[in-house]
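Reviewing the structure listed below.
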Amino acid sequence: MKRVLLLIPTTSYRTQAFLDAAKQLDVEISVGSERPNVLEKTNPSDLLTLNFLEPEKAAQTVVEFSKKHPIHCVIGVDDQTTVVAATISEALSLSHNSVVSVSAARNKYVMHELLKKSSIPQAHYALFSIDDDPVAIARRVNFPCVVKPLSLAASRGVIRANDETQFVAAVRSIKAILQMPDVVPTCRDDSAYRQLLVENYIPGEEVALEGLLSKGKLRILAIFDKPDPLEGPFFEETIYVTPSQLPLNVQEEIASCTYQATKVLGLEEGPIHAELRINEGGHWIIEIAARSIGGFCSRALRFDQASASGNHISLEELILRHSLGMETDSFQREPDASGVMMIPIPRAGVLYEVKGLQKVKAIRGVEDIIISIHPGEKLVPLPEGGKYLGFIFARAVLPAEVEETLREAHQNLEFVIE
């Protein structure tokens with residue numbers, strides 16, 4: 001039986017989805033995490049403790065592990081694990097993206113430097129140290145701009161500044177975020193930890209593209225519209241809906257731009273998740289990551305096999321099939337429209353209760369709702385926080401119906417926060 005090594009941080013939502021997919025395919029899964037599991041000693045073939053910040057050491061550990069438990073593919077499910085997954089795959093001589101290409105995708109500054117050599121439109125950018133004088137930096141940048149920490153993901157610490165005063169405040173906020181207890185252990189050994197990227201703000205519509213690379217060829221799995229404007233000062237994402245309602249020629253240009261970016265970065269294998277902005281100046285790559293969509297959002301995607309209509313498989317199963325060399329071309333995204341709403345945190349405090357869940361589940365088109373923060377947990381909104389309150393999923397014939405359903409569902413929720 002084939003075995004997959006899944007690299008998942010202990011805070012990830014996606015473990016169960018991959019375990020369910022592995023069960024459908026009858027393959028073994030070993031899970032590598034950064035923290036020891038209490039069951040590791042009693043279940044040594046399924047659980048591994050790996051330091052994601054030291055890829056070479058992690059690879060040595062996995063090479064020894066694989067002598068007893070042969071591994072057929074390695075999957076890193078989020079930004080923390082993509083580089084270590086590539087390093088382990090290289091050590092095991094498995095199909096993979098190069099470590100250089102994955103590292104470039106993960107570092108926004110390196111990505112910009114590589115894209116600069118191509119014809120792909122991108123914002124003017126500059127790199128600064130977190131220890132530089134923010135007042136002096138502010139005099140050298142154009143406004144409006146966006147300030148980003150290189151070591152964080154999911155819009156955490158990403159702040160728009162329209163003038164020098166806002167810029168200085170943004171830098172101070174990011175410095176505080178980088179000292180938060182949940183950030184320091186994951187970033188303190190990262191060379192990007194004390195660096196800030198400043199980009200010109202790019203106006204326009206934003207979309208997300210989900211794709212799968214095979215020997216450098218990009219297959220588009222879905223293009224998501226983001227109907228809520230993302231104009232700052234923080235960039236909290238809410239609604240994703242697919243298929244996109246943009247004109248087909250615009251979608252083709254989005255796909256072409258993304259494909260060009262993968263070539264420039266050197267990405268060749270596995271899932272990618274790209275974020276782009278569209279305006280009269282072109283199609284602007286905001287981010288391209290060597291992983292699939294984060295959180296529970298993958299549940300918005302299902303794939304049907306042409307010969308077995310209605311027999312849905314998940315995005316995770318499609319990724320496993322690809323990584324194991326199984327056939328995937330016959331699986332296409334289901335014909336109905338679908339979407340997800342990442343429920344924003346309305347304010348800081350402690351979550352006491354979420355009311356209206358049964359009412360939401362009864363709304364036509366709502367497929368599921370997941371509250372991912374438990375009662376009693378502290379709520380931290382963006383830009384300091386890195387979590388969503390939950391996820392609402394909907395399906396309908398038309399994308400506009402999905403969007404309307406998600407908005408109605410959200411309006412029927414009441415959050416009791418102390």
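Quick grid of which residues meet (1) within 23 Å of R291 (Cα to Cα); (2) modelled with pLDDT under 95; (3) crowded, with 20+ Cβ neighbours inside 10 Å; (4) in contact with an Asp or Glu (Cβ under 8 Å, 6 or more places away or on another chain):
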{"site": "N97", "(1), (2), (3), (4)": "yes, yes, yes, yes"}
{"site": "V102", "(1), (2), (3), (4)": "yes, no, yes, no"}
{"site": "R106", "(1), (2), (3), (4)": "yes, yes, yes, yes"}
{"site": "S118", "(1), (2), (3), (4)": "yes, yes, no, no"}
{"site": "P121", "(1), (2), (3), (4)": "yes, yes, no, no"}
{"site": "S129", "(1), (2), (3), (4)": "no, yes, no, no"}
{"site": "D132", "(1), (2), (3), (4)": "no, yes, no, no"}
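How many of the residues making up region 107-141 are polar (S, T, N, Q) and under 20 Å from G282 (Cα atoms)?
Of the residues in that region, 3 qualify.
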Residues satisfying the stated conditions in region 229-244, i.e. touching an Asp or Glu at 6+ places or on another chain (Cβ under 6 Å) and not aliphatic (A, V, I, L, M): T238, S244
Among the residues of region 23-58 satisfying the criterion of being of a type in the set (G, A, S), at pLDDT 90 or above and in contact with a strand residue (DSSP E or B) (Cβ under 7 Å, 6 or more places away or on another chain), which is surrounded by the most Cβ atoms within 10 Å (Cβ to Cβ)? G32
How many of the residues making up region 1-26 are part of a helix (DSSP H, G or I) and acidic (D, E)? 1
Which ones in region 160-169 are over 15 Å from A136 (Cβ atoms) and either assigned to a helix (DSSP H, G or I) or under 26 Å from the mean Cα position of the chain (by Cα) (or both)? R160, Q166, A169
Among helices (runs of 4 or more DSSP H) entirely inside region 52-116, those with 1 or more residues being of a type in the set (G, A, S) and either in contact with a helix residue (DSSP H, G or I) (Cβ under 6 Å, 6 or more places away or on another chain) or over 23 Å from A22 (Cβ atoms) (or both) are 55-68, 82-91, 99-106
Subset of region 340-358, residues on the phi > 0 side of the Ramachandran plot and part of a strand (DSSP E or B), comes to G349
By residue number, the members of region 394-418 that are surrounded by 19 or more Cβ atoms within 10 Å (Cβ to Cβ), assigned to a helix (DSSP H, G or I) and not aliphatic (A, V, I, L, M) are P399, E403, T405
Tell me which residues, restricted to region 359-393, are under 22 Å from K226 (Cβ atoms), β-branched (V, I, T) and part of a loop (DSSP other than H, G, I, E, B). I363
Pick out the one residue from G349, G339 that is in contact (Cβ under 8 Å) with a residue 40 or more places away in the chain and more than 24 Å from the chain's Cα centre (by Cα). G349
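The values are calculated or read from the model by the stated rules, or taken from the named source; none is laboratory data. This one's a predicted model, so the numbers in the text were calculated from it and none came from an experiment. Because the Cβ atoms are built from the backbone with ideal geometry, glycine has one as well, and the counts that use them run over all protein chains shown.
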